[in-house]
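Reviewing the structure listed below.
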Amino acid sequence: MDLIYSRSIRALRPSSPRRHHRRPSAMDPAKAFMVMEVLLKDPDRLADADGAPGPTWERIYCSRKVAYGCGKHERKLVEGLTLYVRRRDHPNLTSSMTIRLSDEAGRSVKAELGASRSRVESLGFVKIANQGLLVLHVTFRVHALSRCEYYLVYDSTDASLYMIPCLPTDDELVASFTSTPVPRRVGDGGQDPQLQLVLMAHWIWPHQRDRDLLCLCTPATSSSSGIVTDTWVTRVRRFPHLPGSFKADLMFSFEGKVVWADLSRGLAYCDLRGVTGNSAVQFDFIELPYGYQILSEDLPEEDELTEPPEMNRTIGCVGGCIKFICIDRPRNHPANVMVRAWTLDLRRMEWKAEKGLLWKELWKQVEFMFIMDHAELWDVEPRYPVLMPDETLCLVLRDMRPRRREPPVEVDRICRFDMRSKRPLWDGIVRYYDTMWPVILPANFFTTKGFRESKLPARKRKR
């Protein structure tokens, strides 16, 4: 049984230089990355005759596979999962991620659902990639009312794989703002950091006195405090009262704090280090820099938002601090587009502005990419800023001229910049990401220092 993810992985390589146009003398291989993007339909399985993944796929090494709270068949199920990724050196750089279930794992799913003779449907997709952790959401079902849902968490630091049941655990508890959990590592007395998932939720019945909850799951340990619901511990959540709605666009952890970012409003966060016993978890809120809040209810009808905020904004934890990036687009002045940046002083709860990047200055560094298409500065628009852990910035560079192909094929450039020198470090092609902004991983995400490609099955050479 194959489970094909609704995202693809593309390994990006530097483009070939164009004559008479500038290009950096050397691209830094350490700055290489992969782009995980949404597909409009499932990718081809490309399987061998016996049903196994074909030669274009490589198995992702897992040092251990552990399941918590996933039913009495959990061990057989997680042991029967095998992750694959299409080889990055294939001429077709569009590479899909897939999961193979062994026959025994498939029988375990059917036994868990009580449907030994029914056909099991599988669905999976990526929820979040953050700080070396990749969280996938997997669903097995025989019909709409009989299903089991899990989070699969791959930790790139030690190549471990965890399987954890998703919320809701019953019909009365549902996720708030987003169903994407925040993955974080928690230490305990100098021991190796342990995985923890954090999720906001609420009781749907109004008679509950404390409806808003914070749910925590630390698979490797058991907690004696709080209300235990399967593997999740729930605590009362005190969320700040905000006029209008709050939408969690991005999530990450930072110095013991868990942060949910609304790219139109600001940051909501809590510090889990001081939470003890059954005490409630208090949240704080920090607005975006002055003039950068976007409240749709305050906008005139003709100025109502038509673009998702992530097209021009991002917030992330880089270089030991939290940064906010915004692409300012003055109307009718494409040459004056500015990439602005702020750093958060969390102690004072204030944003400090940094020197921005003028798009026409960046264009001088990347125009060689578009010379074959005869594109000019005003033809190309930077979009979807993504912060990398080393304070570099990735931008999708879209050619805004009408597509000439029939049917049109959405193909754009994506480039990684050094924000100080404005120098491009790595670039390549990105396709079919329009339904969600790019999720970027380092190129060696599945081949960490301790688990390099030598651990992966070698490709057979043709004689």
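Derivation of every value follows stated rules applied to the coordinates shown; laboratory data play no part. In this text, all values refer to a predicted model and were calculated from it rather than measured experimentally. FYI the Cβ positions are ideal-geometry reconstructions off the backbone, even for glycines, and counts take in every protein chain you see.
Computed quantities for the displayed model
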{"read-out": "Label point at Lys72 placed 7 Å out along Cα→Cβ; residues across region 97-115 whose backbone nitrogen lies under 15 Å", "value": "108-115"}
{"read-out": "Relative packing of peptides 173-183, 373-383 - highest average C-beta neighbours within 10 Å first", "value": "173-183, 373-383"}
{"read-out": "Extension gain from Asn332 to Arg401, taking 0.36 nm per residue of separation minus the Cα-Cα distance", "value": "23.3 nm"}
{"read-out": "D_trans [Stokes-Einstein, Kirkwood Rh over alpha-carbon pairs] for region 243-377, 37 °C, 0.692 mPa s, µm² s⁻¹", "value": "191"}
